[in-house]
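Let me begin by presenting the structure, written as structure tokens, before commenting on it.
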Amino acid sequence: MRVLLWHVHGSWTTSLVQGPHEYLLPVMPDRGPDGRGRAQTWDWPASAIEVTRDEARGAEVDVVVLQRPAELDGLAREWLGDRRLPMVYVEHNAPQGRIADMRHPAADRDDLVVVHVTHFNELFWDCGSTPTHVIEHGVVDPGYRYSGATPRAAVVINEARRRARVTGTDLLERFAEVGVPIDLFGMDAAALGGDDVPQHRLHDEMARRRLYLHPIRWTSLGLSLIEAMHLGMPVVALATTEAPDAVPATAGVLSTRVDRLAQGARDLLADHERAREAGLAARAAALERFGLQRFLDDWDDLLEVVSA
């Protein structure tokens, strides 16, 4: 099958292109948001193929995977013409704003399927009469790397300063003040004293820290959390959105109370063996629920139905 999709979320796309299909990725000379093409920091398989606008218009395409309102509102037509093609809209995010009043941009359509990445998102988004489906994340297993030799908490947030309360950036200082030292990683982390390390180094840097702190208030289940669990890291996380369902109690500490999370983090920082045991439980849970093959199988099943 030939699947056209824009390179929007690097880690998610890295998982998807491991499948058995050909993946056509729009590319533009500036490699901006509407034409990033292949990843520059991941080694994607040869079946992930860059296509220019002219090439896309003449390309054989079986399914189009949309991920942003702009693609739904006209970008796909600009690249593919007026062809009627099977479409899937992947919603990566939880709704923002007055949630009870919000409608999904793909609501009430009969020409596509909306795929949510968490059951929480499907519950909270109002898609009207549009068919919906849930395909949970799956990641390329980075392998068990945990040492926990550095008694600090790793946090991965992209654009932590801009996203602020949504990602719990304001909570980091509260943890630090009560004895939980934090190392922040991610895009623009340097603006807050953190480190935007290259992708190929990030997993090793995370796995050296004693635990993974997930202060997220309101986003989808972050791939960095799932990757931390695969690495074998114990988790201390806000019990919000999908996290309480995805992280077992044996894998660390979940609560909506910052004081309980801080105490749990201090306990793990002080007890390396307990942290290691919790990390092993986290890895086992992640392999069972968020394994790459399950993710690819789910997508194969959906693509077969949609394309038919």
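Looking at the chain as a GNM with Cα springs under 10 Å, which of Gln199, Gln18, Gln67 has the largest mean-square fluctuation? Of the options given, Gln199 has the highest mean-square fluctuation. Across the options Val180, Leu202, Leu5, the greatest Cα extent toward the positive end of the charge dipole of the chain (unit charges at beta carbon of Lys, Arg, Asp, Glu) belongs to Val180.
One entry in (i) 153; (ii) 125; (iii) 171 is volume of the Cα convex hull per residue in Å³ calculated from the shown coordinates; its label is (ii).
So what is the calculated 222 nm ellipticity per residue for the chain, using -39500 (n - 2.57) for each DSSP H run with n of 4 or more, over all residues, to the nearest 500 deg cm²/dmol?
Calculated mean residue ellipticity at 222 nm is -9500 deg cm²/dmol.
For the pair Asp62 and Arg274, the difference between a 0.36 nm per residue extended length and the Cα-Cα distance amounts to 71.4 nm. When only alpha carbons are used to place a centre, the stretch 241-308 and the stretch 104-143 end up 20 Å from one another. Each of the peptides 111-122, 44-55 was scored by the mean count of other Cβ atoms within 10 Å over its residues; in descending order, highest first, they stand as 111-122, 44-55. Annotation: per residue accessible area for the stretch 62-102 equals 48 Å², rounded to a whole number [probe 1.4 Å, protein chains only]. Only Lys, Arg, Asp and Glu carry charge here, each on its Cβ (+1 for the first two, -1 for the last two); on that basis the stretch 28-94 has a dipole of about 40 debye about its Cα centre.
Under a point-charge model restricted to the Cβ atoms of Lys and Arg (+1) and Asp and Glu (-1), what is the dipole moment magnitude of the chain relative to its Cα centre, in debye to the nearest 20? If you can, show how the numbers build up before the last one.
Numbers: 33 positive and 46 negative charges, 203 e Å.
The calculated dipole for the chain is roughly 980 debye.
To put it simply, the accessible area of the chain at a 1.4 Å probe is 49 percent carbon and sulfur. Using the 1.4 Å probe convention, the accessible area of the stretch 103-241 works out to 39 Å² per residue with neighbouring protein chains retained.
The values are calculated or read from the model by the stated rules, or taken from the named source; none is laboratory data. Only a predicted model underlies this, so the values are computations on that prediction, with no experimental measurement involved. All Cβ positions, glycine included, derive from the backbone under ideal geometry; neighbour counts span all protein chains shown. What goes into the accessible areas is simple: the full protein's heavy atoms, side chains included, and nothing from ligands, DNA or RNA. Shrake-Rupley method; radii C 1.70, N 1.55, O 1.52, S 1.80 Å.
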